Amino acid sequence: TGPYIQAGAPVTWTYLFTNTSFVTLTDFSLVDDKVGVINCPPANLLLAPGDGFSCTATGTATLGQYTNTATITATSQIGLLTPRQTVTSTDPSHYYGVSPDIAIKKYTNGEDADTPTGPLIPVGGAVTWTYVVTNTGSELLSNVTVTDDQGVSVSCPKNTLAVGEVMTCTATGIATAGQYANMGTVVGTPPTGPDVAAADPSHYFGYVIPAPGIAIKKYTNGEDADT
């Protein structure tokens, strides 16, 4: 595959060539089948036997497997051989453009409660948070971990996700009074480059159930005759 490079990141190709013949070479032409003509080496370069020279070209990484081939052509110096001889050499190169990414969607008691108030839950009632994690990028992700900013312990069935794979993680708690908010965050490690991460909030409102009560007022012949 060659090196893994983030899609959109710069790529630098280095072309190193050596005169492996017994005569001095000149009139060099360096062409890359994808990049095109490389304006290097200089037109007046003379390369003695055993000497080398290097050139560079740059580009931007694209997604997926990439292959390009460099071709160097030169001729023997005037006066050394008659007729002048042309020599050529080719060499390929590769990289793999990656675009890792991850997504998370958090639910509270089955509701996508991104904004307050979220579901109404009686104080002391059960709360279940569900975290749906998806590998939305182009690469396998390892060390996939889900955390909650309120210290809720999140349980996931696995820690590796293939491209497009989805898993559901869960956590539970007991509702407290008033408006509650917490944030679920997922982090994953691609084959190369920095970790990828995503976050999603959720809310609920804990309410107090009024205590049951009853009252009676008794009258005698229409009078409130308490005494």
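The values are calculated or read from the model by the stated rules, or taken from the named source; none is laboratory data. None of these values were measured; they are calculated from a predicted model. A quick note on method: Cβ atoms are made from the backbone with ideal geometry, for glycine too, and the neighbour counts reach across all protein chains shown. The protein model used for the area step is the full one, side chains on, heavy atoms only, and it has no ligands, DNA or RNA in it. Shrake-Rupley method; radii C 1.70, N 1.55, O 1.52, S 1.80 Å.
Using a 1.4 angstrom probe and counting only protein chains, how large is the accessible area of F53 in Å², to 10?
Spelled out: F53, probe radius 1.4 Å, area about 60 Å².
Using a Debye calculation, one point per C-alpha and no hydration shell, please list log10 I(q)/I(0) for the chain at q = 0.12, 0.13, 0.15 Å⁻¹ in order.
Debye curve over Cα of the chain, log10 I(q)/I(0) at q = 0.12, 0.13, 0.15 Å⁻¹: -0.79, -0.85, -0.97.
Ranked from the most accessible area to the least, with a 1.4 Å probe and all protein chains present, what is the order of Y96, Y180?
If we order Y96, Y180 from most to least accessible, we get Y96, Y180.
So, taking all protein chains as they sit and a 1.4 Å probe, how much accessible area belongs to D91, in Å² rounded to tens?
100
Can you tally the net charge around V144? Count Lys and Arg as +1, Asp and Glu as -1, for every other residue whose Cβ sits under 13 Å from the Cβ of V144. Before the final figure, lay out each step's value.
Values: positive: K158; negative: D101, E139, E165, D195.
Around V144, the surrounding residues sum to -3.
Taking amide H positions as placed 1.01 Å from N in the peptide plane, with prolines and chain starts having none, which residues 5 or more places from V98, or on another chain, fall under 5 Å of its amide H?
Under 5 Å from the amide H of V98: I5, Q6, A7, G64.
Please give the charge dipole size of the chain, origin at the Cα centre, charges +1 on K and R Cβ atoms and -1 on D and E Cβ atoms. Round to the nearest 20 debye. Can you show the working numbers first?
On the way: 7 positive and 18 negative charges, 81 e Å.
Around 400 debye, computed over the chain.
For the stretch 192-203, what does the Karplus curve 6.51 cos²θ - 1.76 cosθ + 1.60, with θ = phi - 60°, yield as ³J(HN,Hα) per residue in whole Hz, taken in order and with x for Gly and Pro?
Running phi through 6.51 cos²θ - 1.76 cosθ + 1.60 with θ = phi - 60° gives 8, x, x, 4, 10, 8, 8, 9, 8, x, 8, 9 Hz.
Residue by residue through the stretch 170-184, what is 3J(HN,Hα) from phi via Karplus (6.51 cos²θ - 1.76 cosθ + 1.60, θ = phi - 60°)? Round to whole Hz and write x for glycine and proline.
Once rounded to whole Hz, the list reads 9, 8, 10, x, 10, 5, 10, 6, x, 6, 10, 9, 9, 10, x.
Cβ neighbours within 10 Å, averaged per peptide: list 214-221, 104-111 in order, most packed at the top. Before the final figure, lay out each step's value.
Details: 214-221: 5.9, 104-111: 18.5.
The most tightly packed comes first, giving 104-111, 214-221.
Of the options L30, T58, V133, report the single residue whose Cα projects farthest towards the positive end of the charge dipole of the chain (beta-carbon charges: Lys, Arg +1; Asp, Glu -1).
After comparing all options, I get L30.
Would you mind telling me the share, in percent, of accessible area of the chain contributed by carbon and sulfur at probe 1.4 angstrom?
Working: 7130 of 12900 Å².
Its accessible area is 55 percent carbon and sulfur atoms.
Which lysines does K158 reach when only Cα atoms under 22 Å apart count, and residues fewer than 8 places away in its own chain are ignored?
Qualifying lysines at Cα under 22 Å: K105, K106.
What list of whole percents do you get for P(r) of the stretch 128-190, with Cα-Cα distances grouped in 5 Å bins up to the one holding the largest distance?
4, 17, 28, 20, 14, 8, 5, 3, 1
So, for the stretch 1-91, what is the accessible surface per residue at a probe of 1.4 Å, expressed in square angstrom?
Details: 5410 Å² over 91 residues.
Accessible area per residue: 59 Å².
Would you check the accessible area of L120, probe 1.4 Å, heavy atoms only, in square angstrom rounded to 10?
The accessible area of L120 comes to roughly 120 Å².
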